[in-house]
Amino acid sequence: MRTSLNVPDGALAEFDAVAEAEGFESRSRAVREAMAEYVERHSRLEEATGEVAAVIAFDYVHDEVIRELHDVQHEYGDVITTTSHVHQEGWCLETVFCRGDVGRVRELVYRLRDFDAVRRVRVLSLVDGDDR
């Protein structure tokens, strides 16, 4: 199937450079693999059930969103067990360790993605009852 996308020039140039460095013979092949990785990463969160342990990492512009992020972290205190925070000039990297109902962890991930000043949110590890 053919499709078209609107992608900023800079993002496309970066994508092409990475794809070339990794040896992809075509942009289409690189896009297909990127899509497969995206689906795999997100379906894991959607398919998990029951109680989970998870590590969520995200980066953000500190001054634009820090108060709102603190509010969210307090709202999800029932599943957040520990946080770790690193400053990098105007950006921050936060790691949130969670344990509890997967629905609450999933909601937390989606809330974090709602902020414009949060650049990326990644679930680095997710362990549910089936993984034990």
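FYI, it's all coordinate maths here, none of it is from the lab. Everything quoted here is computed from the prediction, not taken from an experiment. Don't worry about glycine lacking a Cβ; one is built from the backbone with ideal geometry, like all the others, and counts go over all protein chains shown.
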For the chain, set up a Gaussian network in which alpha carbons nearer than 10 Å are linked by springs, and say which option among ARG32, ARG111, ARG41 fluctuates the most.
ARG32
FRET efficiency for ASP16 and ARG119, Cβ-Cβ distance as r, R0 = 22 Å, nearest 0.05?
0.60
Taking the alpha-carbon set of the chain, what are its Rg and Dmax in Å?
17.2, 47
When the chain is treated as a Gaussian network with springs between alpha carbons less than 10 Å apart, the largest mean-square fluctuation among GLU94, GLU33, GLU51 is found at GLU33
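Where does the chain land at 222 nm, in deg cm²/dmol rounded to the nearest 500, when only DSSP H runs of n ≥ 4 count, each adding -39500 (n - 2.57), divided by all residues?
Calculated at 222 nm, the ellipticity per residue is -15000 deg cm²/dmol.
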